[in-house]
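Below: one structure, written as structure tokens.
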Amino acid sequence: MDTCPCGSSENYKTCCQPLHQGTDVAPTALKLMQSRYCAYVVKAYDYLKLTTDPQTTFEFDHNANQEWGDRVQFQKLEILSSEEIKNKATVEFKAHFLDNHQLVVHHEVSRFRRLEGIWYFRDGKVKN
Ligand SMILES: [Zn+2]
């Protein structure tokens, strides 16, 4: 794999792979967001669960995520804005993917929370 699917100009090996393998943690909520998108692309579904806030992780449906992630073809991730204030952060993004040969643009504002120095995805609001 050449450049990382998250949209950085780095190699996957030095970008999101250490996060997916658990040898490093995302230093910012934005990086966590990018690495979570990337996890869908490389099908590292466990990473999605691991990086979901322990308080909301019961809502996490591994099979549904996997079923969806295996079905669609990811095109790109577009970050619109990100804001980090103390231990809370929001990232607004558009994820472009093909679902059944149709281009879908998923526009979402995700919320993140930092617990004991580690960023977690909390929830997301879909925008139209
Ligand atoms: Zn990456």
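The values are calculated or read from the model by the stated rules, or taken from the named source; none is laboratory data. From a predicted model like this one, the values you see are computed outputs, not experimental measurements. Cβ sites come from the backbone with ideal geometry, for glycine too, and all protein chains shown count toward neighbours.
Matching residues to (1) more than 17 Å from PHE93 (Cα to Cα); (2) within 9 Å of the ligand (Cβ to nearest atom); (3) surrounded by 14 or more Cβ atoms within 10 Å (Cβ to Cβ):
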position: CYS6; (1), (2), (3): no, yes, yes
position: LYS13; (1), (2), (3): yes, no, no
position: GLN17; (1), (2), (3): yes, yes, yes
position: LEU30; (1), (2), (3): no, no, yes
position: GLN34; (1), (2), (3): no, yes, yes
position: ASP53; (1), (2), (3): yes, no, yes
position: ASN63; (1), (2), (3): yes, no, no
position: GLN66; (1), (2), (3): yes, no, yes
position: ARG71; (1), (2), (3): yes, no, no
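Return the pairs, sorted by first residue and then second, in which the second residue is among the basic types (Lys, Arg) and exposed (fewer than 15 other Cβ atoms within 10 Å of the Cβ), the first residue lies in the range 83-95 and is within 14 Å of SER35 (Cα to Cα), the beta carbons are less than 9 Å apart, and the residues are 6+ apart or on different chains.
ALA95/LYS76
Select from the range 37-61 the residues that are among the aromatic types (Phe, Trp, Tyr) and in contact with a Lys or Arg (Cβ under 6 Å, 6 or more places away or on another chain) and list them in ascending order.
Just the residues of the range 37-61 that are among the aromatic types (Phe, Trp, Tyr), to begin with: 37, 40, 45, 47, 58, 60.
Of everything in the range 37-61, just one residue is among the aromatic types (Phe, Trp, Tyr) and in contact with a Lys or Arg (Cβ under 6 Å, 6 or more places away or on another chain), namely PHE60.
Restricting attention to the range 43-72, and to residues there that are of a type in the set (A, V, I, L, M, F, W, C) and closer than 14 Å to GLY124 by Cα, which single residue is farthest from the chain's Cα centre (by Cα)? Let's see the steps before the verdict.
The initial filter retains those residues of the range 43-72 that are of a type in the set (A, V, I, L, M, F, W, C), namely 44, 48, 50, 58, 60, 64, 68, 72.
Now drop any that are not closer than 14 Å to GLY124 by Cα, which leaves 48, 60.
On the way: LEU48: 7, PHE60: 14 Å.
The qualifying residue farthest from the chain's Cα centre (by Cα) is PHE60.
Look at the range 28-47 and say how many of its residues are more than 17 Å from GLU83 (Cβ to Cβ), in a helix (DSSP H, G or I) and among the hydrophobic types (A, V, I, L, M, F, W, C).
Qualifying residue count, the range 28-47: 4.
Return a yes/no flag: does the range 38-45 have any residue that is in contact with a strand residue (DSSP E or B) (Cβ under 9 Å, 6 or more places away or on another chain), within 11 Å of the ligand (Cβ to nearest atom), of a type in the set (A, V, I, L, M) and in contact (Cβ under 8 Å) with a residue 24 or more places away in the chain. Before the answer, list the steps.
Step one: filter the range 38-45 for residues in contact with a strand residue (DSSP E or B) (Cβ under 9 Å, 6 or more places away or on another chain), giving 38, 40-41.
Then drop every residue that is not within 11 Å of the ligand (Cβ to nearest atom), which leaves 38, 41.
Subset that is of a type in the set (A, V, I, L, M): 41.
Adding the requirement that they be in contact (Cβ under 8 Å) with a residue 24 or more places away in the chain leaves 41.
Among the residues of the range 38-45, at least one is in contact with a strand residue (DSSP E or B) (Cβ under 9 Å, 6 or more places away or on another chain), within 11 Å of the ligand (Cβ to nearest atom), of a type in the set (A, V, I, L, M) and in contact (Cβ under 8 Å) with a residue 24 or more places away in the chain, which makes the answer yes.
Conditions tested, residue by residue: (1) touching a Leu at 6+ places or on another chain (Cβ under 7 Å); (2) at pLDDT 95 or above.
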residue	(1), (2)
GLU83	no, yes
ALA89	no, yes
LYS94	yes, yes
ASP99	no, yes
LEU103	no, yes
ASP123	no, no
ASN128	no, no
